[in-house]
Each structure stands twice: as C-alpha cells, then as structure tokens.
1. Counting only residues that are over 11 Å from the mean Cα position of the chain (by Cα), among the small types (G, A, S) and under 30 Å from R141 (Cβ atoms), how many does segment 59-100 have?
2. Go through (1) farther than 30 Å from R141 by Cα; (2) out of contact with any Cys (no Cβ under 9 Å at 6 or more places or on another chain); (3) not β-branched (V, I, T) and name the single condition K39 misses.
3. Which residues, taken from segment 124-149, are surrounded by 10 or more Cβ atoms within 10 Å (Cβ to Cβ), over 18 Å from A62 (Cα atoms) and under 19 Å from the mean Cα position of the chain (by Cα)?
4. Being more than 28 Å from W159 (Cα to Cα), part of a helix (DSSP H, G or I) and outside the structural domain of L173 (by TED's automatic domain parsing) narrows it down to one of L34, L82, so name that one.
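The values are calculated or read from the model by the stated rules, or taken from the named source; none is laboratory data. Given the structure is predicted, the values throughout are model-derived calculations rather than measurements. Because the Cβ atoms are built from the backbone with ideal geometry, glycine has one as well, and the counts that use them run over all protein chains shown.
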Amino acid sequence: MIHELARKIAAWLSKELEQEERAAVMAYGLELLLGAVVKLVCFVTIPLLLGIFPQVAAVVLASVAFRLAAGGAHCTAYYRCLIGSLVTFTCLGFLARWLSETDILAQGMALAAVLFAVIVALIWAPADTPAKPITREGHRRALKTISLMVPLCYIAVTWFLPLRGDLVTASALGLAFQSFTVTPAGYRFVEWLDVFLGRLHSILIPGKGGVKNAA
C-alpha cells in the first residue's frame with residue numbers, strides 16, 4: 001500500500017515539476033518517508049493507548065542503538081517488519097512494567113543484558129543480510145567496535161543516571177532482544193516470524209501479501 005501510494009504521488013509530483021525522469025527516485029524517497037511516518041505514528045499512538053509509552057520508548061531506544069551498529073535479521077516486507085516489531089516491543093513494554101513490580105533488580109537485568117550484548121558483538125556483529133551486505137572490511141571493523149561501545153555506554157547511563165526501575169528494565173529487555181536477533185538463532189526466529197506473518201496475511205487477505213510476494 002505504501003509502495004503504491006508513494007509511486008502515485010511521485011508520478012503526479014514529477015509531472016507537475018516536469019521532471020518525469022526522476023519519478024523512480026522520488027517514489028523511493030517518498031516510500032522511505034511514508035514508511036517512517038507510519039512507524040512513528042504506530043509506535044507512539046498504540047503504546048499511549050495501552051498506557052505503556054515510556055516503557056516501549058525505552059525498549060525501542062535501546063534496541064535501535066544496538067541495531068544501528070550490530071545489524072541483525074530483517075523481515076522481507078515492510079508490513080511484516082512493522083507488525084512484528086510493534087507486537088514484540090509492546091509485549092516487552094508490558095513485561096518490563098510487570099517485572100518492575102517484582103523483586104528482580106533492574107540493575108541486575110541491565111548488567112545481564114550488557115554481558116549478553118558484548119558476547120554477541122564479539123562473536124557475530126556486525127550481522128548483515130543479503131539485501132544489505134557489508135562488503136568493506138574497514139566498515140565491518142568500525143561497526144564491530146561501535147557494537148561493543150553501545151552496551152558499555154548503556155551500562156554507564158543506567159547505572160549512573162537516576163532512571164526509573166521500569167525504564168531500566170525495559171531498556172535491558174530491548175538490548176537483550178536486539179542482541180538475540182544478531183545470533184543465528186535470532187535469524188531463524190525472524191525467518192519463521194516472517195513466513196508466519198506472510199501466511200497469516202495471505203489467509204486474511206487472499207491473493208496479496210503472501211509468502212511468495214514478500215520482497
């Protein structure tokens with residue numbers, strides 16, 4: 001849907017500007033922009049409605065910070081990525097709020113998440129995909145270094161800043177989950193999720209969005 005909308009807007013815009021040869025470039029840029037806007041709206045409105053926006057925000061921030069350097073598995077279609085990440089981060093937000101009411105120490109969870117992230121970064125980061133391979137060795141070394149720095153900076157922030165326990169717990173869950181997606185087991189999980197969401201979509205909306213159409 002976003003792809004088609006971006007293509008139609010780009011076709012109209014390029015014609016109005018008399019730059020029809022740039023329609024494909026405009027469509028690509030608009031698709032990225034529209035996709036980002038939809039994600040932002042979903043990740044703000046749904047957690048707000050559920051009353052867990054601070055927890056989900058902490059999960060997302062920690063996850064994204066590590067993902068930018070370490071990489072990880074991706075779904076093969078935009079909507080699957082959106083649904084999968086939204087459901088996962090929402091569940092982690094609820095889990096963080098529940099854990100903060102137990103006797104489990106937030107700082108202990110943060111330390112465990114950091115140790116896991118460092119091990120993952122040392123062994124598997126940066127983890128690329130066939131769609132976005134890392135071809136330059138210098139780039140790979142730089143990403144690995146940043147992947148190791150992110151959890152170390154994270155533990156410094158969570159230990160020395162007066163953050164709420166539920167937010168520390170949520171960020172630890174986000175870091176741990178993102179670290180998991182860098183591992184071979186994480187790739188297998190995301191692949192299974194990708195196929196499952198594709199089949200579910202093909203059942204709910206026959207003829208569209210099936211596994212074979214995932215590109």
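1. Residues meeting the conditions: 2.
2. (2)
3. Within segment 124-149, W124, D128, T129, I134 qualify.
4. The conditions single out L34.
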